[in-house]
Amino acid sequence: MNQDNELASVQAKEIWGKCLSIIRDIVPETAFSTWFSPIVPLQYEDQTLLIRVPSQFFFEYIEEHYYDILKAVLTKVLGKGFRLRYSVLVENATNTTVSYEGGRTPQTSQPTQRFDPFSEKSHQKIDSQLNPAYTMDSFVEGQCNKLARSAGMAIAKEPGKTFNPMFVFGGSGLGKTHLVQAIGSMAEEMHPDKNVLYVPASKFQSQFQEATLANKLPDFINFYKMIDILIVDDIQDFVGKTGTQNTFFQIFNHLHQSGKQLILTSDRSPKLLAQFEERMLSRFKWGLHAELEKPDVETRKAILRRKIAEDGLVIPEDVIDYIAKSVSESIRAIEGVVISLLAQSTLTNAEINLDLARRVVGSTVNVEEKNITIFSIQEAVCAHYHLNVNDIQTKSRKREVVQARQVAMYLARKHTKNSLSTIGEQIGNRDHATVLHACKTITDLIDIDKDIRSSVDAIENSLH
Ligand code: ADP
Ligand code: MG
């Protein structure tokens, strides 16, 4: 380095140091560490400050969001008439740096020659990491997943065009991983030219750490920028990992802006992703939030039948019925029961019957028979219809109250051993004929009215 260069570099450091001390006071700490700390001042010559930024994205982001601040701060430090130039760090064989003029708006600041260091790789086909067992076909549809499933299919047909990002959330074992992988597989099949990638958030996180340690973060980021359909599973694992979140944020923005599809899953709704950066959460709002709910009895039966058929088993209807009614927590738990049943019956050469099912369910899911009482039924019914427990005790003839009362009577008859008159006494002080009439009405309605059927199912689920 000759003397002039050295001087230019020392001056640049000094100027940039002054700028940073001002910027630090005016931007939030996270913004400061994300966007300003990584900048390296290179030289100051002819009233031009040259700074190095880690990536093209970084440059664009700063120009878009911090132009005014930078301009004001530099004017303060350097006076009017200065110029700011960026050098985008490029890690490739020739190790060159390319300079761009900083401009007033993102449009004018767009570099004239777009420099893509990894362009030769951009047509590379990437292994999608999808599990071929998780298909749309094997994903049984039910009320609990209808929206998510059909939105997923729309996305697979036209990635990047419909809902973006798609945010799938729901409790453990309810089918998030299966569904998003099925979307990926379907998209891959329909668009063989597109790069699909499935990655669990925890894997992304460890790749990020490795890349950081090996000084290969730009490679890591560029790899992800090549993806057309990026599926990140269980993003609640990013909670508290600021570095990973920042990098994911960059990738997310880049892909989203380029019309690439993002699909994310989480075990809780975006609202409950506490400690997730606000700017990330606000991105999630752009797309579709699809919740996977607990499956109702009918869906549980359909899933059971499917799993049983897949395993080549024959299981009597009463056993299916029993399992579907007693295992309601998750689809994974249902699968667990089927696997144990199969194992038990092969090991002991026993027939699969209700008895065996009871034992297996008892030991695998650990269900204690919940004590269902007339009172707990009334509570569940009122919770479902958003009523007060007192409401159905009154003489009210309001339609929704009447229906709730009848459903409560019907369920009390079905799930407890109480007599008609006891049920009547405890639910609104009616006589046994009224209870009998209610049971008949609801039994008939369940056959013809879908709303009633799903209400009753939902309430029954909440009882088990
Ligand atoms: P999550 O990711 O929400 O924890 P998974 O996707 O891993 O849940 O699902 C748990 C198990 O249940 C998987 O084996 C999956 O194949 C199965 N499963 C989930 N939903 C369905 C469904 N709708 N139809 C068939 N199998 C399902
Ligand atoms: Mg999962």
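Within the range 239-269, name every residue whose backbone N is under 20 Å away from a label modeled 7 Å from Cα of Trp286 along the Cβ vector. Within reach of a label on Trp286: 244-266. With helices as the sole contributors, the chain gives -16500 deg cm²/dmol at 222 nm; each DSSP H run of n ≥ 4 counts as -39500 (n - 2.57), and the sum is divided by every residue. If the segment from Ser363 to Thr242 were pulled out straight at 0.36 nm per residue, it would be longer than the present Cα-Cα gap by 39.4 nm. Could you tell me the calculated FRET efficiency between Ser454 and Gln257, based on Cβ-Cβ distance and R0 = 51 angstrom, to the nearest 0.05? So the FRET efficiency works out to roughly 0.80. The calculated FRET efficiency for Glu425 paired with Val402, based on their beta-carbon distance and R0 = 25 Å, is about 0.85. The gain in end-to-end length when the Val10 to Gln129 segment is fully stretched comes to 38.0 nm, 0.36 nm per residue minus the alpha carbon separation.
Here is the result for the range 322-360: no trypsin sites (Lys or Arg not before Pro) lie in DSSP coil with at most 15 other C-beta atoms within 10 angstrom of their C-beta. Extending 7 Å from Cα along the Cβ direction at Leu213 and again at Ala309 yields two label points whose distance is 4.8 nm. Extending 7 Å from Cα along the Cβ direction at Thr346 and again at Asp318 yields two label points whose distance is 2.7 nm. Between the beta carbons of Thr162 and Glu278, assuming R0 = 30 Å, the FRET efficiency works out to 0.70 to the nearest 0.05.
Compute the helix-to-body angle for 176-190: its Cα long axis versus the longest principal axis of the chain, expressed 0 to 90° and rounded to tens. Long axis of 176-190 versus the principal axis of the chain: about 60 degrees. For the chain, relative contact order (Cα pairs under 8 Å, six or more residues apart, normalised by length) works out to 11 percent. Excluding same-chain neighbours fewer than eight residues apart, the lysines reachable from Lys241 by a Cα-Cα span under 16 Å are Lys203.
Inter-label distance, Glu45 to Glu29: 3.9 nm, where each label sits 7 Å from its Cα along the C-beta direction.
Of the cross-linked pairs Lys294/Lys395; Lys146/Lys450; Lys271/Lys450, those separated by over 23 Å at the C-alpha level are Lys294/Lys395; Lys271/Lys450.
Readers should treat all values here as calculations from the given coordinates under stated rules, not as data from a laboratory. Just so it is clear, the model here is predicted, and its values are computed rather than measured. Cβ sites come from the backbone with ideal geometry, for glycine too, and all protein chains shown count toward neighbours.
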